[in-house]
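Taking it in order: structure first as structure tokens, then the write-up.
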Amino acid sequence: MVVHKHMSKDGRIWLSHTGVEVLERCPRCFWLQYRRGIYQPEGIVSRLPNRFDTVLKNYFNIFRPLGELPPLVVGKLGGKLQNPFQEKYFVRIDEKYGFFGKLDECLVDEKGEHIPVDFKTASSDPREKEVLGAYQSQIDDYVYILAENGKKVTGYGYLIYFFPDHSEELHKGFPMIIHIQKLNGDPKKTNERIKKAKSVLEKEIPNPAEDCPFCTWYDKVKEELSVKKNA
Ligand code: SF4
């Protein structure tokens, strides 16, 4: 078997929220990633959200040892920042598979229950939008990994959206709308997705999604080349 980045030294295939999201879009791409280490080309992607995450994490870290919530979110969130913060969680599902996740932040309430937090950079007003399915499943997955690692959980998590606002005084600082969304997480749904992911990976390569431009392009190129070869 080809060894790639989803496989660890322990030989397990490590599923994750992002990986399993690919399955929702196309089982074939998912299979190719996990079984062959072949990824769809990324194209041009903005790294601005990564920068936002780094800046926000550093900011939250300053307040962690003080036992205070950062002024940006004080009064809007309950609990305290987890201290020390544990970013990564691993769940060994069986001999062959694992599931891992990385939290942006975590709160702990007065009962010692954990509340996962994820930062989201928004390019349109998050107050007017429905929550994306992928964000909902992310909270399911966070509650799952926390609970499976023996942490007490509340069963919900927070998404904190950062959305740049208009201002006539941008020279005084860039205003941000901070929108907090509380979402219940259902670890049973994560279990179901893991089951589905395992069953796809245990079978032969699935068919491509019908409307995907990449495989259509690839098929056309393949057809063109075989016509030339046989001409
Ligand atoms: S149809 Fe092909 S390229 Fe598109 S997502 Fe599926 S495997 Fe990937």
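The values are calculated or read from the model by the stated rules, or taken from the named source; none is laboratory data. All of these numbers come straight from a predicted model, not from anything done at the bench. A quick note on method: Cβ atoms are made from the backbone with ideal geometry, for glycine too, and the neighbour counts reach across all protein chains shown.
Remarks
- If you check Tyr89, Tyr34, Tyr97 for being surrounded by 16 or more Cβ atoms within 10 Å (Cβ to Cβ), within 16 Å of the ligand (Cβ to nearest atom) and at pLDDT 95 or above, only one passes: Tyr34.
- Any chance Val22 is in a helix (DSSP H, G or I) and within 16 Å of the ligand (Cβ to nearest atom): yes
- Given (1) without any contact (Cβ under 8 Å) to a residue 60 or more places away in the chain; (2) surrounded by 14 or more Cβ atoms within 10 Å (Cβ to Cβ); (3) within 16 Å of the ligand (Cβ to nearest atom), number of the condition Leu81 does not satisfy: (3)
- Annotation note: Cβ proximity below 7 Å between a residue of region 108-136 that is over 19 Å from Phe52 (Cβ atoms) and a residue that is β-branched (Val, Ile, Thr) and assigned to a loop (DSSP other than H, G, I, E, B) (sequence gap 6+ or interchain) occurs for Asp109/Thr154; Glu113/Thr154; Ile115/Thr154.
- Flag if Glu224 is more than 16 Å from the ligand (Cβ to nearest atom), over 30 Å from Lys57 (Cβ atoms) and not in a helix (DSSP H, G or I): no
- Only one of Arg35, Arg28 that is basic (Lys, Arg), in contact with a helix residue (DSSP H, G or I) (Cβ under 7 Å, 6 or more places away or on another chain) and farther than 22 Å from Gln138 by Cβ: Arg35
- For region 169-192, the tally of residues that are farther than 22 Å from Thr121 by Cα and loosely packed, with under 13 Cβ neighbours inside 10 Å stands at 2.
- Qualifying residue in region 199-208 (condition: in a helix (DSSP H, G or I), in contact (Cβ under 8 Å) with a residue 24 or more places away in the chain and within 16 Å of the ligand (Cβ to nearest atom)): yes
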